[in-house]
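Presented below is the structure to which this report refers.
The values are calculated or read from the model by the stated rules, or taken from the named source; none is laboratory data. Small disclaimer: the values here were computed from a predicted structure and weren't measured. Every residue, glycine among them, receives a Cβ derived from its backbone with ideal geometry; neighbour counts consider all protein chains shown. Keep in mind that these areas ignore ligands, DNA and RNA; they rest on the heavy atoms of the full protein, side chains included. Shrake-Rupley method; radii C 1.70, N 1.55, O 1.52, S 1.80 Å.
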Amino acid sequence: MVTFKETRAAIIALHKKGFAGKDIAASVSPLQVQMPALSPTMEEGNIVKWLKKEGEAVAAGDALCEIETDKAVVTLEANDDGIMAKILMDEGSRNVRLGTLIALMVEEGQDWKQVEIPPSEAAAPSASPPATHAAAAPVLSPAAPSPPPPKPATSGPLRLSPAARHILDTHGIDPKLAIPTGPRGLITKEDALNLLKMSPAPKATPAMAAPAAPSPVPTPVTAPPPPGSRPNIPPLSVPGKPGAPGTFTEIPASNVRRVIAQRLTQSKTTIPHAYASVDCDMAAVMHLRKDLAKEQIKVSVNDFIIKAAAVTLKEMPEVNVTWSGDGPLALDSIHISIAVATDRGLITPIIKDAANKGVQEISANAKALAQKARDGKLLPEEYQGGSFSISNLGMFGISGFSAVINPPQACILAVGTSRAELRLCEDDQTLRTQQMMTVTLSSDGRLVDDGLASQFLDKFRANLEQPQRMALA
């Protein structure tokens, strides 16, 4: 039987163990903060700044951190009350995938210093080394004879992508061992990574350091290539050393820049673009702007363009459509997306219900949204859901250009600068100077054919040249 003294000793030991915080802390389940999807196209994000420190109390709705998405810098708010216990992703962490654990919180009254980190986070780093050893094992297998087949195919000068060249040069691997899968024998990044997996990674680097120092790979490129062949891509410059002629420096792309590239490529490769241009007489708009300025009402030419486009869409709802996988979708609202250039790239905040707003209200909304876009403070609902886009390069002196459609929208209007032209007046057959402006409509041929695009431009010009028409719409 257990004596009273033994029972008392066991209770005291358990009591001390509990106060040590080990077993008690282990029973605390933390509140997980994961990388959320802050935009429909977001796949990963960057941690810009943490607004809460470890040990700081957090209330529901408090700002936890700033995250750079593929569109803007968005503030992540807390969903629960508690205490910030552990920050797992430091400021400056880039390309954090959706669902990744970025922080841990505990409930109020719990010891945040003894928070238990989930085993998945601790196991993630330890799981990667075995993968590298496992990848090195196939080098001893019959995988070695596989490189000889591409040698006859690469009898001419090697062609490498910049990423592939950087990977092979960094690890000191002979590019002739790679199996090219790109067009016309181009060694791609994937080819270099496959070769890297099949090579003995750490052991071969000291031996390969000697040939990597002189970097003789680019020297065969300097030799005159065979007639009719394309030149190789220039070698990567070495950090800290002056760039040699023909070298280049890789610039890391931001999330916004990568998404812009993806969207533009998607648009130009999947949407049949059609273009139509028209010249608009800006005399009436210029005169009206001067009259409004006398009354301390300052509006821009672009504000009138936004209003004219919105009114024209209201008059022609068949243009206010988007494309889905099943076909066209008619939109009930008229939201105009305006292109704003920022340091991170181009973004298109939205003037909502522009057809029902006056020019002065449109001007105020456009200025506020443009400033928020440059500061990276746009909310998702302020740049999602537009039905028609406008891109104005007139302030840069561009006379005319063609813009790329912003999918799934059907059209985008490219606006050039106004210019003085001598034109024949039909009333009295005299030459007069007119302020003309060229606009070009890029339209999706699946939704807006050439005839419909021409009608839209004709009505848009009439609304812009006669601003009083817009008040009646």
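I'd like to check something: does segment 16-32 contain any residue that is open to solvent by 60 Å² or more (accessible area, probe 1.4 Å), at pLDDT 90 or above, within 26 Å of LYS113 (Cβ to Cβ) and of a type in the set (Gly, Ala, Ser)? No.
For ASP291, the conditions (1) closer than 26 Å to PHE396 by Cβ; (2) of a type in the set (D, E, K, R); (3) at pLDDT below 95 are fulfilled apart from (1). Taking the conditions exactly as written (at positive phi and charged (D, E, K, R)), does ASP343 satisfy them or not? For ASP343, the condition - at positive phi and charged (D, E, K, R) - is not met. Taking every residue in segment 51-64 that is more than 16 Å from GLN110 (Cα to Cα) and pairing it with any residue that is of a type in the set (D, E, K, R) and open to solvent by less than 60 Å² (accessible area, probe 1.4 Å), at least 6 positions away or on another chain, the pairs with Cβ-Cβ distances below 6 Å are LEU64/LYS52. Screening ASN365 on (1) in a helix (DSSP H, G or I); (2) more than 24 Å from ASP70 (Cβ to Cβ); (3) at pLDDT 95 or above; (4) open to solvent by 30 Å² or more (accessible area, probe 1.4 Å) shows it passes everything except condition (2).
The condition (being farther than 29 Å from GLN468 by Cα and assigned to a strand (DSSP E or B)) is satisfied by just one residue among LEU329, LEU378: LEU329. Working only within segment 69-86, note down all residues that are in contact with a Phe, Trp or Tyr (Cβ under 7 Å, 6 or more places away or on another chain) and closer than 12 Å to PRO30 by Cα. Result: ILE83, ALA85. Within segment 178-192, can one find any residue that is open to solvent by less than 30 Å² (accessible area, probe 1.4 Å), in a helix (DSSP H, G or I) and at pLDDT 80 or above? Within segment 178-192, one or more residues are open to solvent by less than 30 Å² (accessible area, probe 1.4 Å), in a helix (DSSP H, G or I) and at pLDDT 80 or above. Would you check if ASP326 is over 26 Å from GLY416 (Cβ atoms), without any contact (Cβ under 8 Å) to a residue 60 or more places away in the chain and surrounded by fewer than 21 Cβ atoms within 10 Å (Cβ to Cβ)? Taking the combined requirement at face value, the residue satisfies it.
The set of residues in segment 403-457 that are open to solvent by 70 Å² or more (accessible area, probe 1.4 Å), among the polar types (S, T, N, Q) and free of Cβ contacts under 8 Å to residues at least 40 places away in the same chain comprises GLN429, THR433.
Can you tell me which of GLN360, GLN296 is part of a loop (DSSP other than H, G, I, E, B) and either in the same structural domain as ASP450 (by the TED database) or crowded, with 17+ Cβ neighbours inside 10 Å (or both)?
GLN296 is the lone residue from the list that is part of a loop (DSSP other than H, G, I, E, B) and either in the same structural domain as ASP450 (by the TED database) or crowded, with 17+ Cβ neighbours inside 10 Å (or both).
Once segment 33-57 is narrowed to residues that are open to solvent by 30 Å² or more (accessible area, probe 1.4 Å) and outside any loop (DSSP other than H, G, I, E, B), the residue that is modelled with the lowest pLDDT is GLU44.
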